[in-house]
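Q: Let me give you the structure first, and then I'll get to my questions.
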Amino acid sequence: MSLRNNSIVLNTMTLGLHRLMADRVLVIGSGGREHALAWKLAQSPHVKQVFVAPGNAGTADNGKISNSAVLVSNHTIVTQFCKDHNIGLVVVGQETLLAAGIVDDLQAAGVRCFGPSAKAAQLASNTSSAKAFLDRHGIPTARWKAFTNPQEACRFIISTDFPARVVRARGPAARKEVTIAASKEEACRAVQDIMQDRMFGEIVVIEELLQGEELSCLCFTDGVTVASMPPAQAHKRLLDGDQGPNTGGMGAYCPVPQVPEVLEKINDAILQHVIDSLRQEGAAYVGVLQTGLMLTKDGVKILNFKCQFGDPQCQVILPLLKNDFYEVIQAAIDGKLSSFMPAWSENNTAVCVVMASLGYPGAYDKGMEITGLLQAKELGLQVFHAGTTLRDGRVVTSGGRVLCITAVKEDLMTALGEANRGVAAIRFKGATYRRDIGHRGIRLLKQSLGLIYKERCVEAVTSDVLFYQPKRSIVSRTRSGSHSEARGFAGFFDLKASGYDDPILVSQTKGLGSKLQIAQACKRHDTIGQDLVALCVNDILAQGAEPLFFLTYFSCGKLDVKVTEAIKEGITEACRNAGCAFLGREIAEVTSMYSSGEYDLAGFVVGAVERGQMLLGLQRADEEDVFIGLASSGIHGQAFTTVRKILLMSSLHYSSPAPGSCGDKTLGDVLLTPAKLYSPSLLPVLRSGHVKAFAFIAEEGLLEGISRILPEHVSALLDALSWKMPEIFCWLYREGNLSEKEMAQTFNCGIGAVLVVQKELAQHVLRDVQRHEEAWLIGKVVAPCHTGGSHVKVENLLEALQLSSPQHLLSNTAVESQQQPRKNKAKVAVLISGTGTNLAALINYAKEPGSCAQVVLVISSKSGVEELRNAARAGIPTRVIDHKLYGSRSEFDSTIDQVLEEFAIELICLSGFMRILSSPFLRKWKGKILNASPSLFPPVKAGNAHQQSLQTGFKVTGCAVHFVLEESCPKAVIHQELVSVKADDTEEMLSERVKEAECRAFPIALQLVASGAVQLGADGKTCWKQEGQGLCLQEEKSDCASSLVMLEPQENNVV
């Protein structure tokens, strides 16, 4: 130990002599990984300042850390930036730049840079090359073959004797696409999809699908020595239980519980072997190498490489590094890693949970405000930013993966609990995240704590609590009571392993009553199990309890395997969604009690809540508190008794089309819609401390359901017009000839659950709830009113029932459409070059009350122009993107595109913009770019439009606002403005009048497009919306359409 300490001291002294002054460091990238790199580097006393390019909101003016706008894709510009700012070290996060040779270029210019050369980085950027490298050196990997022809690839997939179901693509368009197919047929379809319309020479790699435990093993290396890091495991699927599409990573944990022999083998036989082999091939690797590994029954095999820390692996590995990160990097660059081996925290575990935008990994919205970051920090958590940016001093979303919340604790369960607490504190609209990060690690760690079954086969998948799913159904007995002896079972559940310190157990048992009779009459059994779980779980949620495990009891006259399987599948799915264990079911076949097709079903749930987090519900509501109502999915509980009575008197049957459904659903379908499962979405809200009481409106109607959570000294006043009333309640009201009171006493009337919150917190909590559920502010707590013996008064219920009825909707469509609030205004960017712009007209138009657009950004290709000052005076953000600073038109356009994405721009107006936009830019924004041309048909390709008008003797000219396409088309015109040509006109006089016409025409065209009245068709022609528009738009459409017909050029080009 003393020798090691002396070694560390000596190396620290050496590094100190090497760096007499604190360094400035540049980190290249903008994700959570780069934030973590900058965060760790900033902790070093050797580091004076950390620049992050381009960075994000988390790296903007954060202590030593700040952002830089240097163009990282241009290595020459980066080199000059490093020299101008005395950068002593560059750390590259983006793998594409490593493959492009940025390390080679910077080092050639004398700038110290941490990362592999372009040749070494091919290990990650070129899949077929990496696979060939592994084969050459006998390093185990999946069987594979590369193809440039899709037919040959498909023949290989079909003919192989192994599951060739992993399809990897590379190339300019492929960008490392990976598809894990469920079958060989699906793999063939993936090949066709990937390779169609691609450039010749692009490669697709077909791989064997490996089975086992996947993990990431990383190391620092100086090209000779390998310093391994603790293994991490990332969770790639979007949803809990490893469901949903693949992503870049929704969270990770480190270290992964594994036997030391495996880790030692990985270090020696994999990591060291790869580094030695690269050096032998003349591609010495310096930097961080990440290997994706699969622990199969045949041994450890390599899946893939990354030439930098993975994201989010970086966010759980670096917090465990005990050394100075800067010193480790310098030792690797200097080839002295063997005498400066990093040390890792051995008694801690790190867990990170990624919060993503709604829609990720597909299309997603941007610009959602993020709150709660300070609260998460106060919990002792580290929040690494990824897809964030600053706008008007607020942190808003700007990417798919938005934040990464990291907790470091003494064990995995505690760290997961703390990370989830941080997630619950942070809010933004549409936030998507997993609650079971680390579940596979818990399974590996707690295998001895698994459930023990007698004559049952169970698969364990651990979530926040343990989750189990039976693999086969249970054979029933012919006598009642025999199950407990012959087929009884005991399940063990370890509360401590589930992360609880001082838990209180909460239990509930439920049946479905008359709803079962409807299901049996409809022969629909697939939703019954879901309903049962939801009713039980939602009830214990009223105490703030999280469901732990669930059991069922099923009894019937004669066992029908299809029925029991349908019910079991529904229960299993609901338990998975609730995050609880389905321990199993007891089945009784009692021929003397049930007729054919009849059965009964009961459920039992046990949940837990920390002693200090219980929601007692009573005596907590006070006057002026607010009710938040959550939408119900339909009818629940005892209300089905009334429903069956109404149906007996009605002409409708269960198979009849449901009221207002246009025939796509039967009445039985609507009645059997299962109750919503509120636990996953509401549990973080209930545990936030902002909710006074919660009621699930199930067994009783709206009145009694809310009365249960009201103390004696207050009442509730609700407004039925404040929420959406499902049509089924309107039909029951009319068909059953019920009174308002009867409706409120019997049915939930569209409200499935109610929260009581303080008035000051109402909007805050509502936003949290609306991230996952449809919800409204529906009323308030008032002084006692005791209306008819009830604590609850519902105003406007009759009006709501009548307004929501299908007949009323049909007869009042026009009225309702006029009363609907205007949609959010379209966000517009105006691109200028400083002369001859219509910017002032567009800004003034956007301020009009009836405008459908708002100008939120002005970009100029020149600095110092007057229009920039005008925009700033109007409070509009401005950006200068000077084309002379960029090496190519594509780089210039790419920078503009990035800024447009940052501001979530929807439409672009070119107003005196003097740069030619590239084809890729125009294709991406097709149908979204508007321009004004000083002629009636865009554009006049040669010469001066006004000069041509005067020379040809035309009596009329004008301007046209049109969609901008790669090739101009007169049929892409949106609006034209006519200008008469006078006999004494000069070019200057005519030009001035046409400019005035442009200032009138451009706002009109923008309004037409922003309102949706006009759009660009797939054929490149302007299309008019057929539905009725507002009066002003109709008139504009009529005028514009007539002018287009009158002035459209004929095939012989004679006007």
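The values are calculated or read from the model by the stated rules, or taken from the named source; none is laboratory data. The shown structure was predicted, so the numbers you read here are calculated from the model rather than taken from an experiment. Cβ atoms come from the backbone with ideal geometry, glycine included; neighbour counts cover every protein chain shown. The accessibility values were calculated without ligands, DNA or RNA, using every heavy atom of the protein model including side chains. Shrake-Rupley method; radii C 1.70, N 1.55, O 1.52, S 1.80 Å.
Q: How big is the accessible area of Glu992 in square angstrom, nearest 10, if you roll a 1.4 angstrom probe over the protein chains?
A: In the full protein context, Glu992 sits at about 100 Å².
Q: On average over all directions, what projected area in square nanometres does region 826-1023 have, based on the convex hull of its Cα atoms? Write out the running numbers ahead of the final one.
A: Working: hull surface 45.2 nm².
Computing the convex hull of the Cα atoms and averaging its projections yields 11.3 nm².
Q: Okay, next question. Please turn the phi angles of region 310-316 into ³J(HN,Hα) values with the Karplus equation 6.51 cos²θ - 1.76 cosθ + 1.60 (θ = phi - 60°), one per residue in order, whole Hz, x for glycine and proline.
A: Once rounded to whole Hz, the list reads x, 10, x, 4, 4, 6, 10.
Q: How many angstrom separate the Cα center of region 579-609 from the Cα center of region 36-103?
A: Result: 60 Å between the Cα centres.
Q: Let me ask something else. Show me, for region 126-133, the HN-Hα J-couplings you get by feeding each phi into the Karplus relation (A = 6.51, B = -1.76, C = 1.60, θ = phi - 60°), rounded to Hz, glycine and proline as x.
A: Result, ordered by residue: 10, 4, 5, 5, 5, 5, 5, 4 Hz.
Q: While we're on this one: Normalised radius of gyration for region 25-158, please: alpha carbon Rg relative to 2.2 N^0.38 Å, two decimal places. The partial results should precede the final answer.
A: Values: Rg = 18.8 Å, N = 134, 2.2 N^0.38 = 14.1 Å.
The reported ratio for this selection is 1.33.
Q: Further question: Considering amide H positions built from the backbone, and no H for Pro or chain starts, which residues 5 or more places from Thr1022, or on another chain, come under 5 Å of its amide H?
A: Ala972, Val973, Gly1017
Q: If you don't mind, another one. Beta carbons within 10 angstrom, averaged per residue: use that to sort the peptides 140-148, 300-308, highest first. Working shown, then result.
A: Values: 140-148: 18.2, 300-308: 21.0.
Descending mean neighbour count gives 300-308, 140-148.
Q: Under 18 Å between alpha carbons, and skipping anything fewer than 8 positions from Lys265 in its own chain: which lysines qualify?
A: Filter leaves Lys297, Lys301.
Q: Using the Karplus curve 6.51 cos²θ - 1.76 cosθ + 1.60 with θ = phi - 60°, what ³J(HN,Hα) values do you get for each residue of region 989-999, in whole Hz, with x for Gly and Pro?
A: Each residue of region 989-999 in turn: 5, 5, 4, 5, 5, 5, 4, 5, 5, 4, 5 Hz.
Q: Send over a whole-number figure in Å² for the accessible area per residue of region 617-805, probe 1.4 Å. Intermediate results must be reported in sequence, preceding the final value.
A: Numbers: 7590 Å² over 189 residues.
About 40 Å² of surface per residue is accessible.
Q: OK, next. Order Ser851, Ser159, most accessible first, counting only protein heavy atoms with a 1.4 angstrom probe.
A: Numbers: Ser851 0, Ser159 90 Å².
Largest accessible area first, the list is Ser159, Ser851.
Q: Cut-off under 19 Å on the C-alpha distance; same-chain residues fewer than 8 positions from Lys409 excluded. Which lysines are left, in chain and number order?
A: Within the straight-line limit of under 19 Å, Lys409 reaches these lysines: Lys40, Lys322, Lys377, Lys446, Lys496.
Q: Next question, about the same structure. Among all the lysines, which ones have a C-alpha under 17 Å from Lys928's C-alpha, if same-chain residues fewer than 8 places away are not counted?
A: Counting by Cα, and skipping residues close in sequence, Lys928 has these lysines nearby: Lys825, Lys827, Lys971, Lys1021, Lys1025.
Q: Where q = 0.09, 0.15, 0.17, 0.19 Å⁻¹, what log10 of I(q)/I(0) comes from the Debye formula for region 617-805, counting one point per Cα?
A: -0.32, -0.86, -1.08, -1.30
Q: Related question: Out of residues 5 or more away from Phe582 or on other chains, whose amide H comes under 5 Å of its own, with H placed 1.01 Å from N in the peptide plane?
A: Under 5 Å from the amide H of Phe582: Tyr468, Phe550.
Q: OK, next. Could you compute how much accessible surface Glu264 exposes when probed at 1.4 Å, giving the result in Å² to the nearest 10?
A: About 120 Å², rounded to the nearest 10.
Q: Let me ask you something else. Taking H placed 1.01 Å from N in the peptide plane, check which residues at least 5 places from Val402 or on another chain put their amide H under 5 Å from its amide H.
A: Distant-sequence amide H within range of Val402: Met355, Ala356, Ser357, Gly387.
Q: Quick check: at a probe of 1.4 Å, how many percent of the accessible area of region 617-805 sits on carbon and sulfur atoms?
A: Whole-percent figure for carbon plus sulfur exposure: 50.
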